[in-house]
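Structure first, commentary second.
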Amino acid sequence: MACPVGALYEKDDVDAVWRALQDPTKHVIVQEAPAIRAALGEEFGMPPGTLVTGKMIAALRRLGFDKVFDTNFTADLTIIEEGNELLKRVKEGGTLPMITSCSPGWIKFCEHFYPDLLDHLSTCKSPQQMFGALAKTYYAETAGIDPKDIVSVSIMPCTAKKFEAQRPEMASSGYRDVDYVLTTRELGRMIKEGGIDFVNLPDEDYDAPMGEYTGAGTIFGATGGVMEAALRTVYAVVTGENLPNLDITPVRGLEGVKEATVKVGPLGDVKIAVAHGLGNARKLMDKIREGKADYAFIEIMCCPGGCIAGGGEPIPTNNEIRVLRSSALYADDGKVQKKRQSHENESVKKLYDKFLKEPLGHKSHELLHTKYTKRGSEMPHGKDE
Ligand code: SF4
């Protein structure tokens, strides 16, 4: 993202994905993070902030993916698991503030520089990894496919997601949760290599059972989005009613550290904070270390602006572009999606009915939750894995 001459770039996985797509013995499925739909068009000359969800799905089908699913589906699922985890910690006196765990760049930073505070991290896997674990269990079962024949590909705005997918613990189904991670730029290259006229593609829709999403899932891609999505559901679970206004504007925008207090029925005032960029993360983490953080819940994203400006997104990225890409996601949430709260996702409800049974239950713990590694800051290079 920062190298002016393109000498530093992601580890390229395009050839491996082409090989999987051309292997007739493999069933290749794909998920795309929310930030992709707000930026992929830029690789084809479309203005920043153009929402290209339908064309992206159409392009992935034409590349040969057997099923086109969505990371937003498991973003909604993350909110159910994480919201329940937060409530459990509040009720049972668990470690607070709880901190989000979706951003592998942030997680690795925390493992190195704040290993004493790892208990604050939510144990939820990121939506990418939840999707991967379900792809080789729930989906394999539903579709009657042997999980060894499933290749699970994800399209991410993020170079750190390649690392996250390879963490040794990310194989709870007995197989790698996610086999290959491509960045937005790599997907752009594949679409060009495939000779697909992206701009003139028709809009197509996701496949079931892992393609439905709500507006809450889509705003994960912008700083503050996970917090906003979580508060919508936590409020509804605790009070039995919807938040009077689903737009929680104090957590939106590019201010480095954002704070808000939300009244949540019998829980009273819930104080929350949001940071993006690791310098801002440090400010909140130092506050926790000093015992001065009275928040219940903190969202931290590694990249300034959140995933819409991740290391795998189209270049250039600047604040003007960050605002435009975020606006596309908020428009998807506010104007396109009819449902805006994760607990309203019918496919997620079905997943619980048929497979997981309950949030934080046995299967969830096995497949959707994880643990972290104390790495410390003095590890010699290459010795920290
Ligand atoms: S904030 Fe950056 S490092 Fe974290 S998941 Fe998003 S793109 Fe990846």
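Quick notes on this structure:
- Matching residues, the stretch 297-328, being among the hydrophobic types (A, V, I, L, M, F, W, C), more than 8 Å from the ligand (Cβ to nearest atom) and either in contact with a strand residue (DSSP E or B) (Cβ under 9 Å, 6 or more places away or on another chain) or closer than 26 Å to Lys263 by Cβ (or both): Phe297, Ile298, Ile300
- For the stretch 229-274, the candidate set comprises residues that are free of Cβ contacts under 8 Å to residues at least 40 places away in the same chain and assigned to a helix (DSSP H, G or I); within that set, the residue that is surrounded by the most Cβ atoms within 10 Å (Cβ to Cβ) is Tyr235.
- Of the residues making up the stretch 327-347, one or more are out of contact with any helix residue (DSSP H, G or I) (no Cβ under 9 Å at 6 or more places or on another chain), of a type outside the set (D, E, K, R) and closer than 19 Å to Ile248 by Cβ.
- Going through (1) touching a Phe, Trp or Tyr at 6+ places or on another chain (Cβ under 9 Å); (2) within 16 Å of the ligand (Cβ to nearest atom) one by one, Phe355 falls short only on (2).
- Residue in the stretch 31-41 that is in contact with a Phe, Trp or Tyr (Cβ under 6 Å, 6 or more places away or on another chain), part of a helix (DSSP H, G or I), surrounded by 22 or more Cβ atoms within 10 Å (Cβ to Cβ) and not hydrophobic (A, V, I, L, M, F, W, C) present: yes
- Of all residues in the stretch 78-110, those that are more than 26 Å from Glu212 (Cα to Cα) and part of a helix (DSSP H, G or I) total 11.
- Within the stretch 329-343, the set of residues being farther than 14 Å from Leu51 by Cβ and either within 16 Å of the ligand (Cβ to nearest atom) or touching a residue at least 60 places away in the same chain (Cβ under 8 Å) (or both) comprises Lys339, Arg340, Gln341, Ser342, His343.
- Of the helices (runs of 4 or more DSSP H) lying entirely inside the stretch 275-385, those containing at least 3 residues that are charged (D, E, K, R) and over 16 Å from Gly225 (Cβ atoms) span 278-289, 346-351.
Any read-out appearing in this document is the output of simple, stated calculations on the displayed coordinates, not a laboratory observation. Source: prediction; values computed, not measured. When we count neighbours, we look across all protein chains shown, and the Cβ atoms used for this are built from the backbone with ideal geometry, even at glycine.
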